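To start, the structure itself, in structure tokens.
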Amino acid sequence: MSGSVSKSFASKILDKRGHYIYLVKGMENGKDAWLYVRVDRHNKEMFEYGLKKDIFDVNTHGKLLYSGWGENPPQDVVMALRHKYVDQATA
């Protein structure tokens, strides 16, 4: 998938736990697509480099959490991530 990356709302909290959550948006077969990827701290630079060069493999550099079609993830996915990674980390 070619596209851009933006750190999600959870990334600052996950930094302390050694993980980053990225929301990657782009095109796949001419359709808008998005995915959330969890990346360990030691893979962060390679993941970001791969995104810039459009040569990244999600399974090599991180773990796919959610993916789907459209410009943005649905609210239920955003809330599930918030519950799993933000609310539990701050409780």
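The values are calculated or read from the model by the stated rules, or taken from the named source; none is laboratory data. Keep in mind that this is a model prediction, so the values were computed, not measured. Virtual Cβ from ideal backbone geometry, glycine too; neighbours counted across all protein chains shown.
Key figures for this structure:
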read-out: Within segment 12-33, considering residues that are of a type in the set (Gly, Ala, Ser) and surrounded by 13 or more Cβ atoms within 10 Å (Cβ to Cβ), the one modelled with the lowest pLDDT; value: GLY26
read-out: Residue count for segment 34-68, restricted to those that are loosely packed, with under 11 Cβ neighbours inside 10 Å and farther than 17 Å from TYR20 by Cβ; value: 3
